[in-house]
Every structure is written in C-alpha cells, then in structure tokens.
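Heads up, the thing below is written out as structure tokens.
A short reminder: the numbers here are calculations on the coordinates, not readings from a lab. Note that the structure is a prediction, hence the values are computed from the model and not measured. Here the Cβ positions follow ideal geometry from the backbone for every residue, glycine too, while neighbour counts run over all protein chains shown.
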Amino acid sequence: SLSVYQPDADGRLFFFEVPIDRHSINSGSSDLVKRPDGSIVLHLSRERSEEEDVVWVPTPEGPFEAIFRTYRPAEPVIDDSWSVPSLEKQR
C-alpha cells in the first residue's frame, strides 16, 4: 500500500484533509486503473490528473511523505530483487 502523510511542525506525520475519501491506495482499491502493459501509474498531486489511465493519490499543499508498505511480500521483495520505483516529478 502507499499512504501519503503531512508532517506537522515537529515532524510527526498525520493524514490531512482530502477531497476524496482516501489517504492510501493498495492492491484491493476499487479504482485501480491498469494500462495496456499491466502497469499502474500513481499520480500524487494536490489536483486530480486529467489523464484517464492514472490513479490519483491526493497530496497536501507543501511537504508530504509517501510511505510504501508490503503485507505478505513475495520473494522478489524479500530478496531485494524488486524495489519500489522512485517518484518522478512531472511538469
């Protein structure tokens, strides 16, 4: 799962007010959109993307932390042959 948090003044992480009822996305989420190649593109931003083939994950204004967690990971995660793709800033 991927969860997005906003740090407070002391650096503690909290959920923040979002325009949709979701602070995280996971394999059981009902609105996952797969591209023809099977990939899932997450769009982390304050505003919803106009692209139809991405999954919007709302972010707060200012800094945020995106934390990826695995539950019952498969062997590629355990043996480090797979890792979470890095975030890429888009313009």
Sorted by mean Cβ packing within 10 Å, highest first, what order do the peptides 81-90, 6-15 take? 6-15, 81-90
Of the candidates Pro63, Pro19, Pro36, which one comes out as most mobile in a Gaussian network treatment of the chain with C-alpha springs shorter than 10 Å? Pro36
Taking amide H positions as placed in the peptide plane 1.01 Å from N, state which residues far from Phe16 in sequence (5 or more) or on other chains have amide H under 5 Å from it. Gln6
Label model pair Glu47, Phe14: point-to-point distance (7 angstrom along the Cα→beta-carbon line) in nm is 2.7
Calculated from DSSP H runs of 4 or more alone, at -39500 (n - 2.57) each and per residue, what is the 222 nm mean residue ellipticity of the chain, nearest 500? -500 deg cm²/dmol
I want to make sure I understand the PRE zone here: with the label point 7 angstrom from the Cα of Asp37 toward its beta carbon, which residues in the stretch 54-76 have backbone N atoms less than 16 Å away? 54-55
Between the stretch 12-38 and the stretch 53-91, the Cα center-to-center distance that results, in Å: 11
So what's the stretch 21-91 giving for Rg/Rh, alpha carbon basis, Kirkwood Rh from the mean inverse pair distance? 0.96
The ³J(HN,Hα) series, computed from each phi in the stretch 71-86 with the Karplus coefficients 6.51, -1.76 and 1.60 at θ = phi - 60°, rounded to the nearest Hz and given as x for glycine or proline, is 10, 6, x, 7, 3, x, 6, 5, 8, 6, 7, 10, 9, 5, x, 6
